[in-house]
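K.L.:
Pasting a structure here, questions to come.
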Amino acid sequence: MTQAPTPTVDTVRRLARSLLEDSGHGTSASAALDVRPAGDGAGLTTWLVGTRYVLHLAPDRATGVRWRRELRLREVVRPHVSVALPVGVAQGEWAPGLLCTLETRLPGGTAEENTVSAVGETDLAALLTGLHQVPVRQAESLGVPRVPPRSLETLRRAAGEAVELLDKADEFEAARLRQFTQAATVQLAAQAGSAVLVHHALTGGNLVVGADGRVRGVLGWDTAVVGDPAEDIAGLARAVGAP
């Protein structure tokens, strides 16, 4: 497999300028674009372009396939949710066979930077409701994979082993988990026909949150699946602790 080149500020600036001009968004000021990596966690695959755009550079072909699917999926999801989703401005190749996409930048911080308020929790509930309304067949026609629900009994047994260790360290009462019996896992298991579109990556970094605590947008749709909606609920519990 060919090693992807390492992007530099100059090459990214030229690429962004070209994409903006080809899409009709370029201006006379585009020659002096402020271009910088989005952050340490994003490596050199995500770049901020001015204050309005984000440029993504696929590190391999498989990632490019997922990103192309994400562009189409977001347009299917958009009518069903009230939060903002990035809008694709332009796409091309930044290296032979490697996709690049230029998108609008959503204003706000992440849930790792801004605390989600009680009203923001209502935004998240509305997001989950909207995802349930997305036609599953339409999502699958785009290539969104279907994933079977995880075994709650397997998770219960694994949690039991961890809890016993925590109990010995006086960090958790094992008796609390013992109330969650094998019979309970059967009752709580995902029911047949309950599969919906699942974002599958509702982490703090993918939630765009305003200074007022409202959830303004959602990023990271490339790992979406059709599956158990409990996965998104669990993701939000880890990310923001929302009831």
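K.L.:
Could you state the angle between the C-alpha long axis of helix 118-133 and the longest principal axis of the C-alpha atoms of the chain, as a value from 0 to 90 degrees rounded to the nearest 10?
P.N.:
That works out to roughly 90 degrees.
K.L.:
In whole percent, what relative contact order does segment 193-243 give with Cα contacts below 8 Å and a gap of six or more residues?
P.N.:
Relative contact order comes out at 47 percent.
K.L.:
Pop out the carbon and sulfur fraction of the accessible area of the chain as a percent, whole number, probe 1.4 Å.
P.N.:
Its accessible area is 54 percent carbon and sulfur atoms.
K.L.:
Here's a follow-up. Using a 7 Å offset from the Cα along the Cα-to-Cβ direction at both GLU113 and GLN191, what is the distance between the two label points in nm, to one decimal?
P.N.:
It works out to 4.2 nm between the two label points.
K.L.:
While we're here: Cα-Cα pairs above 21 Å in segment 121-243: how many percent?
P.N.:
Of all Cα-Cα pairs in segment 121-243, 50 percent lie more than 21 Å apart.
K.L.:
Another one. What's the extension gain from THR104 to ASP167 if we count 0.36 nm per residue and subtract their Cα-Cα distance?
P.N.:
Residue separation times 0.36 nm, minus the Cα-Cα distance, leaves 17.9 nm.
K.L.:
Going 7 Å from the Cα of ALA158 toward and past its Cβ, which residues in segment 222-236 have a backbone nitrogen under 20 Å from where you end up?
P.N.:
Residues passing the 20 Å test: 223-236.
K.L.:
Any idea of the accessible area per residue across the chain, 1.4 Å probe, to the nearest Å²?
P.N.:
Computed with neighbouring chains in place, this is 55 Å² per residue.
K.L.:
Got the relative contact order for the chain handy, in percent, Cα pairs under 8 Å and 6 or more residues apart?
P.N.:
Relative contact order, the chain: 20 percent.
The values are calculated or read from the model by the stated rules, or taken from the named source; none is laboratory data. What you see is a predicted model; the values in this text were computed from it and never measured. Every residue, glycine as well, gets a Cβ built from its backbone with ideal geometry; the counts of neighbours run over all protein chains shown. Ligands, DNA and RNA are stripped out before the accessible areas are found, and what is left, the full protein with its side chains, is counted by its heavy atoms. Shrake-Rupley method; radii C 1.70, N 1.55, O 1.52, S 1.80 Å.
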